[in-house]
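Step one of this worksheet: look at the structure below.
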Amino acid sequence: MINIKFTRKNGMITRFVITGHAFDGKHAHDIVCAGVSSLAITTVNSLESLAHFQPLVEIDAVDGGFLDCEIIAELSDKQKEIAQILLQNLENGVSAIADEAEYRNFISVTDHDL
């Protein structure tokens, strides 16, 4: 199962951690994994290209199944606004996958407030 945990501080998403594998299909045919991976990588890349800062990112490049992205930089108000739009979009996307009846056994989305 893919587990996605969003962490919020003062109502703002400051981190997301994705762990696990969906095992919804054979290698390269796992639509749940592909959807989550696409949303997550696009979010990380967009934080860099659109919000103009580099989040702290840790991945397991060998086995996969792990992505930790944390916003630790001091950001301008504009950067914060863009970052929150991107992070909320990620949360909306993975939650939509998790809400689909045929996929809910493969993905879990949770929130944690600091």
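The values are calculated or read from the model by the stated rules, or taken from the named source; none is laboratory data. Predicted model, so just to flag it, every value in this text is computed and none were measured. Because the Cβ atoms are built from the backbone with ideal geometry, glycine has one as well, and the counts that use them run over all protein chains shown. With ligands, DNA and RNA removed, areas are computed over all heavy atoms of the protein, side chains included. Shrake-Rupley method; radii C 1.70, N 1.55, O 1.52, S 1.80 Å.
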Of every Cα-Cα pair in the chain, the percent that sits beyond 17 Å: 52 percent
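Rank-order 33-41, 74-82, 88-96 by packing density, defined as the average count of other C-beta atoms within 10 Å over each peptide's residues, highest first.
Details: 33-41: 18.2, 74-82: 12.6, 88-96: 16.4.
Answer by packing, highest mean first, reads 33-41, 88-96, 74-82.
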Residue-wise HN-Hα coupling along the stretch 2-18, computed from phi with Karplus coefficients 6.51, -1.76, 1.60 (Hz; x: Gly, Pro): 8, 10, 10, 10, 9, 10, 10, 9, 6, x, 10, 5, 10, 6, 9, 10, 10
Karplus-derived HN-Hα couplings along the stretch 103-114 (A = 6.51, B = -1.76, C = 1.60, θ = phi - 60°), whole Hz, x at Gly and Pro: 10, 5, 7, 10, 8, 10, 10, 10, 10, 9, 9, 8
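How much of the accessible area of the stretch 1-86, probe 1.4 Å, is carbon plus sulfur, in whole percent?
After summing per-atom areas, the C and S share lands at 56 percent.
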Note, ³J(HN,Hα) from phi for the stretch 33-43, Karplus 6.51, -1.76, 1.60, rounded to Hz, x at Gly and Pro: 4, 4, x, 5, 4, 4, 4, 5, 5, 4, 4
The chain, helix-only ellipticity at 222 nm - DSSP H runs n ≥ 4, -39,500 (n - 2.57), divided by all residues, nearest 500: -13000 deg cm²/dmol
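When ligands, DNA and RNA are left out and all protein chains stay put, how many square angstrom of accessible area per residue does the stretch 18-114 have with a 1.4 Å probe? Intermediate values should be presented prior to the final figure.
Details: 6040 Å² over 97 residues.
Accessible area per residue: 62 Å².
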